[in-house]
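What follows is a single structure, written as structure tokens, with notes after it.
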Amino acid sequence: MPRQRWQRGVTVLARWLLGTVLVTWRYLWETTPLYRAGECEGDERDRPPPLPPEAVDGMVQLAEDGCGPLFHRVFRVRIAGADVDGARLVEHVCRHFEYFVPSEVVGIRAGELRAHGLDVADELVVEMPGPWNGPVRVVRRDRESLHLVTLRGHMEAGQVRFRAREDGDLLVFEIELWARAATRLVHVLYSHLRVAKEIQLNMWVRFCLSAVALSGGRLVDGVRIRTRRLQPSHMAPREG
């Protein structure tokens, strides 16, 4: 057991040091157009969607549990000539989540999954450089979407939803996030120093591009990124 922990520690350290250098290099030389709309002030429509009561327990880390502003972000790609439809692409995400993240810097730990992949109540941990590990739980899954909520120990407090749908001849894939910093330290790194925010942005851009590659189609008009910011005064504390 000590040997296994030592080996895991070495793996995490290597990912932190070498992976971060590599992913930063790739990000600097990324030729895919990224259309980043400037942050704008949000309103009540940017609050995270309600969750099923049975999905919320003491381990869940809701946006109301975080600190600082809520960031509502959408990453969207349009795909031409895809070989799959929206339901099939979401199924790939559920079955092979690890394929979509940058493996040189992100690792995925999950328990024993069902044959059809992630489903409601399943949990996994997204291992990232530094103290950024992200435990999450599936709260909804249907034909065209996968919806996760953050758990205690995640750097963020909130939700993320992956969705794919047809729009005429195009396939649209998007990642929608509602998240606040889980702690004051993360709030400083995210909102002021921008470190955590850029790590997150790079991961979700890579996720979108992996979805394009797996679909068998081609990217249309780059990756679209929209960010709206909701001030803490609009976030009611969790009841109970």
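The values are calculated or read from the model by the stated rules, or taken from the named source; none is laboratory data. Computed from a predicted model, the values in this text were never measured in an experiment. Positions of Cβ are backbone-derived with ideal geometry, glycine not excepted, and every protein chain shown enters the neighbour counts.
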(message) Could you check region 205-233 and list, in sequence order, the residues that are under 20 Å from Glu44 (Cα atoms), charged (D, E, K, R) and over 15 Å from the mean Cα position of the chain (by Cα)?
(response) Arg228, Arg229
(message) Which residue is farthest from Arg229 (Cα to Cα), if the candidates are limited to region 138-190 and must be surrounded by fewer than 23 Cβ atoms within 10 Å (Cβ to Cβ) and among the basic types (Lys, Arg)?
(response) Arg143
(request) Determine which single condition Arg184 fails, assuming it passes every other condition in (1) at negative phi; (2) modelled with pLDDT of 95 or more; (3) more than 17 Å from the chain's Cα centre (by Cα); (4) not hydrophobic (A, V, I, L, M, F, W, C). (result) (2)
(request) Could you check how many residues of region 131-176 are among the small types (Gly, Ala, Ser) and closer than 16 Å to Met203 by Cβ? (result) 2
(request) Among the residues of region 143-156, count how many are among the hydrophobic types (A, V, I, L, M, F, W, C) and either farther than 16 Å from Glu123 by Cβ or outside any strand (DSSP E or B) (or both). (result) 1
(request) Say whether the condition of being farther than 16 Å from Val126 by Cβ and at pLDDT 90 or above is met by at least one residue in region 95-108. (result) yes
(request) Go through (1) out of contact with any strand residue (DSSP E or B) (no Cβ under 6 Å at 6 or more places or on another chain); (2) in a helix (DSSP H, G or I); (3) under 19 Å from Arg141 (Cα atoms) one by one and return the number of the condition Glu64 breaks. (result) (3)
